[in-house]
Amino acid sequence: MRSITHLGDAVTTIGIALLLMAAGGHLAQLGRAALIANALSHVAVQVLKRTVVRARPCDALGRPLAAVWVPDPYSFPSGHSAASMAVAASAALAHPWLAPLTLPLAGLVALSRVRLKAHHRGDVLAGAALGLGGALATRALLG
């Protein structure tokens, strides 16, 4: 689960988008879409995190339970779930044949965030919805 959860971090999701852009051609278009979708969803994630300020899963004494490093103290929504879904949905929208690979992979990232006790279930569902929204908004923007 730890290796899967890192597929949703900034280094991985931005790195994938930049590699696609560097490849050129239709892959560059996909990379640009993934990068924009990720950025749009990330803005929404950060605004909500600082507005809702929901604590991450804790024990009865208030000690965090996360089995992995967490980038901030706020749980809602999951940025890893948003980022992985933004990239996965961008790929699925551009090339529907990729959907059976990319969308379940984004789902596994979300599941890993709950299993590693970094997020509550609702956090990852909201994050995935924001990532999908970012991908759909980017598709509408880019055509």
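Report, as a whole number in µm² per second, the diffusion coefficient that Stokes-Einstein gives for the chain at 10 °C and 1.306 mPa s using the Kirkwood radius over alpha carbon pairs.
Roughly 107 µm²/s, to the nearest whole number.
What is the distance, in nm, between label points placed 7 Å from the Cα along the Cα-to-Cβ direction at L61 and at R139?
4.9 nm
In deg cm²/dmol and to the nearest 500, what is the mean residue ellipticity at 222 nm of the chain if only DSSP H runs of at least 4 residues count, each as -39500 (n - 2.57), divided by the residue total?
Calculated from helices alone, the mean residue ellipticity at 222 nm is -23500 deg cm²/dmol.
Determine, from the Cβ-Cβ distance of D72 and L101 and an R0 of 41 Å, the FRET efficiency 1/(1 + (r/R0)^6), rounded to the nearest 0.05.
0.85
Taking Cα pairs under 8 Å and at least six residues apart, what relative contact order does the chain come out at, in percent?
Reported relative contact order: 33 percent.
Given a 10 angstrom Cα cut-off, can you work out which residue in R50, R121, R63 is the most mobile in a GNM of the chain?
Fluctuation is largest for R63.
Any chance you could run the full-extension gain for H26 through M1? It's 0.36 nm times the residue separation minus the Cα-Cα distance, nm to one decimal.
Extending this stretch completely gives an extra 5.8 nm.
For segment 112-134 and segment 1-79, what is the separation of their C-alpha centers, rounded to whole Å?
Value for the Cα centre distance between the two parts: 9 Å.
All of the numbers you see were taken from the coordinates with simple rules; none came from a lab. Since we're looking at a predicted model, the values are computed, not measured. Here Cβ is always computed from backbone atoms with ideal geometry, including for glycine, and neighbour counts include all displayed protein chains.
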